[in-house]
1. Would you work out the Kirkwood radius for the chain? I mean one over the mean of 1/r across all pairs of different Cα atoms, in Å.
2. Over the chain, with the other protein chains present, what is the accessible area per residue in square angstrom, probe 1.4 angstrom?
3. On the accessible surface of the chain, probed at 1.4 Å, how many percent belong to carbon and sulfur atoms?
4. What dipole magnitude, in Debye to the nearest 20, does the chain give about its Cα centre under +1 on Lys/Arg Cβ and -1 on Asp/Glu Cβ?
5. With θ set to phi - 60° and the Karplus curve 6.51 cos²θ - 1.76 cosθ + 1.60, what are the ³J(HN,Hα) couplings of region 41-57 in order, to the nearest whole Hz, using x for Gly and Pro?
6. Pull up all non-local amide H partners of residue 15: gap of 5 or more, or a different chain, and H-to-H distance under 5 Å with H placed in the peptide plane.
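The values are calculated or read from the model by the stated rules, or taken from the named source; none is laboratory data. Quantities reported herein were computed from a predicted structural model and do not represent experimental measurements. Ideal geometry is used to build each Cβ from the backbone, glycine not excepted, and the neighbour counts take in all protein chains shown. Keep in mind that these areas ignore ligands, DNA and RNA; they rest on the heavy atoms of the full protein, side chains included. Shrake-Rupley method; radii C 1.70, N 1.55, O 1.52, S 1.80 Å.
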Amino acid sequence: VQLQASGGGMVQAGGSLRLSCAASGINSRINDMGWYRQAPGNQRELVATISNGGVTNYADTVKGRFTISRDNAENTVYPQMNSLKTEDTAVYYCKVWVILGTYWGQGTQVTVSS
């Protein structure tokens, strides 16, 4: 099983980034897909999730700025992150839920400078 995350980088405050995470090698149906993030000294926290039917859930801190979407045919999940703030700086991790458990991807760094 592999969750390949990409799209991280450095951007100025107010800018945008689009991450992607492609899941492969999973032999069961993927239910929810989502993203978490962890800033230095903080616990990992939910950013957003999306069900295989397209129902979305967002952390209050990103509502109105981030949009999560997925391509079920490609087992890929994308968060479009707009109006980025310095407090969005963190390592972002993708996660998928299947019937028997969950899988995590390797993190991708997002740095927002002022």
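1. Numbers: mean 1/r = 0.0715 Å⁻¹.
Mean inverse Cα-Cα distance, inverted, gives 14.0 Å.
2. Values: 5970 Å² over 114 residues.
With all protein chains present, the chain gives 52 Å² per residue.
3. Details: 2730 of 5970 Å².
Carbon and sulfur together cover 46 percent of it.
4. On the way: 9 positive and 7 negative charges, 4 e Å.
For the chain, the charge dipole is close to 20 debye.
5. For region 41-57, the Karplus curve yields x, 10, 7, 5, 10, 5, 9, 6, 9, 9, 7, 6, x, x, 6, 10, 9 Hz.
6. Amide H neighbours of residue 15: 84.
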